[in-house]
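Please read the structure below before turning to the comments.
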Amino acid sequence: MANETNNFAEIISHCKEYGYIFQSSELYDGLAAVYDYGQMGAQLKKNLRDAWWKSMTQLNENSIVGIDAAIFMHPTVWKASGHVDSFSDPMIDNKDSNKRYRVDHLIEGFAEELLAISKEQLAIGNVQLAEEKEKLANDVLAKMDLLIAATDYAGLKMLIEENKIKCGISKTCNWTEIREFNLMFNTKIGALAEEADTIYLRPETAQGIFVNFLNVQKSGRMKIPFGIAQTGKAFRNEIVARQFIFRMREFEQMEMQFFIRPGTQKEWYNYWKDERKKWHESIGIPAEKLRFHDHVKLAHYADAALDIEFEFPFGWKELEGIHSRTDFDLTQHATFSKKKIQYFDNDLNEEGKPYGNYTPYVLETSVGLDRLFLTVLSLAYQNENWKKEDGTDDSRVVLKIPAKLAPTKLAILPLLKKDGLPEIAKELLESCKQSFHCFYEEKDAIGKRYRRMDAIGTPFCVTIDHQTKEDNTVTIRYRDDMRQERIALNDVKSLVDSLVN
Ligand code: ATP
């Protein structure tokens, strides 16, 4: 059986080498925390987006419809939503290096270092020291959660000082006071600056859904409960931009706002919590790599919130947020726009009377497409090596992306560039390309071509050889276990179709 390693730095360089992800503006030395998706990455990202979109707008037993709102919105939207006043993170600067840190990241980084030391000490038998370090890390994190929940910045500063948490660059503890830093990007709209007004690049897609609630409800004759789904770009001036595409300044969200009757939010919160975890499992994420993390500090709009976390190569981190947003957003937009945003519910309540007019409550599911991409890729990447039957070593790097998500489904490979083999191969390509994404390649030795398909994650390769001309059979090779078998040329399309759809 093959040995496997799965290393984050290797994944990042693999992404670049095989056209998955490039640093933005790399030609000009890059732009921090902004990335471009290459020819393979763009397709994988699209497949993930499509899978989400389909599960929300097509497969859901409750009615959920999709919209595509603009990135630019009226600036008052962001006043109403609370983003102008409170979409900020507590920050602290190191006076010697001038480096700015998000306070929670600085403290979490310190706790991670303690846990790493604890692991090292355990490995060399220093159990007592290992336990002490682990306890300290957990105590610090627990204290941090409480202080953040209480917005106690003096307490947080004291926690940093008491633990002598240092700046990674200057290695000093010379810290400023903790301050708030708004994460929204702004720009001017209109041709003349004097006439122009400041507008924001949306920091989340959700507000485009809230301001369209009545449009969709009325034009689609939607009955509560119903959902509105949307995918699209969001922008945040993240201070701590690290961990590759995990935290970007321009990223994509897939959000769904589910509009419900007030008082039913607990029930729907539990429903969506389970549904979303099941969905992640359905696209191939193992259950043991997912967990729920309840929020201690609730955002200004929420009465309950949790994260679905994934065990990334750098630890457990948020993949998706589930938020019970009450009627906060619709009420705020009603107040700021001075318009009535209500729903008339003519279903009958327990007393046999219509529920009547109310402002719906909202249950939100919000997943980052880039984080989902990183999740899938970090599970898929395998660096395998094994002993062959003759005792020599062999190895390969393979992306075991689930077949239904893989960017290319089938590689069609004539063994030689002559003897009529390319003609048969191209005929197969013609018959398959309407149904799924194929890749045609006639250069290089077949083994080399297989390895390249492994590296970009193509689940199936079909080789056309001389025997094909005699008996109309081809060799199909399966990426995950490298198994090969002969099947009828005429069966290739239906077999691959059944495995990818
Ligand atoms: P974090 O605590 O990691 O900053 P958040 O709680 O601010 O995330 P939400 O506002 O709940 O995130 O956004 C919903 C989802 O959008 C997140 O679960 C995440 O998948 C994604 N997301 C948020 N910020 C970023 C970012 N800077 N880069 C990539 N994805 C992001």
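The values are calculated or read from the model by the stated rules, or taken from the named source; none is laboratory data. What you are looking at is a predicted structure, and each value in this text was computed from that prediction instead of being measured. With ideal geometry, Cβ positions are generated from the backbone for all residues, glycine too; neighbour counts draw on all protein chains shown. These area figures cover heavy atoms from the full protein model, side chains too; ligands, DNA and RNA do not enter into them. Shrake-Rupley method; radii C 1.70, N 1.55, O 1.52, S 1.80 Å.
Quick notes on this one:
- The lysines whose alpha-carbon is closer than 17 Å to the alpha-carbon of Lys289, local same-chain residues fewer than 8 away aside, are Lys273, Lys277, Lys278, Lys317, Lys400.
- Calculated FRET efficiency for the pair His293/Leu348, C-beta based, R₀ 35 Å, to 0.05: 0.35
- Spatially proximal lysines relative to Lys426 (Cα-Cα < 24 Å; intrachain offsets below 8 disregarded): Lys404, Lys409, Lys417, Lys418, Lys443, Lys448, Lys469, Lys493
- Working from Cα pairs under 8 Å separated by at least six residues, relative contact order for segment 391-500 is 32 percent.
- When a 1.4 Å probe is rolled over the protein heavy atoms, the share of accessible surface on the chain that falls to carbon and sulfur comes to 50 percent.
- Taken over the Cα atoms of segment 77-161, the convex hull encloses 123 Å³ per residue.
- Dipole of the chain, positive direction: furthest Cα of Leu122, Cys167, Phe213, with charges on the beta-carbon: Phe213
- Net length gained if the chain between Gln58 and Glu112 were fully extended (0.36 nm per residue, minus Cα distance): 15.3 nm
- Partners for Lys157 among lysines (Cα-Cα distance below 20 Å; same-chain residues under 8 apart left out): Lys95, Lys99, Lys143, Lys166, Lys171, Lys297
- In the chain, helices alone account for a calculated mean residue ellipticity at 222 nm of -11000 deg cm²/dmol, with every DSSP H run of four or more residues adding -39,500 (n - 2.57).
- Sites Asn270 and Ala149 - FRET efficiency at Förster radius 35 Å, r taken between beta-carbons, to 0.05: 0.95
- Cα centre as origin, Lys/Arg/Asp/Glu Cβ charges: segment 17-156 dipole, Debye: 400
- Placing unit charges on the Cβ atoms only, positive for Lys and Arg and negative for Asp and Glu, gives the chain a dipole magnitude near 880 debye about its Cα centre.
- Net charge dipole size for segment 255-402 [Lys, Arg +1 and Asp, Glu -1 on Cβ; Debye, nearest 20]: 440
- For Lys99, the residues whose modelled amide H falls within less than 5 Å of its own, excluding neighbours fewer than 5 places apart on the same chain, are Asn94.
- Accessible surface computed residue by residue for the chain, with neighbouring protein chains in place and a 1.4 Å probe, gives 49 Å² per residue.
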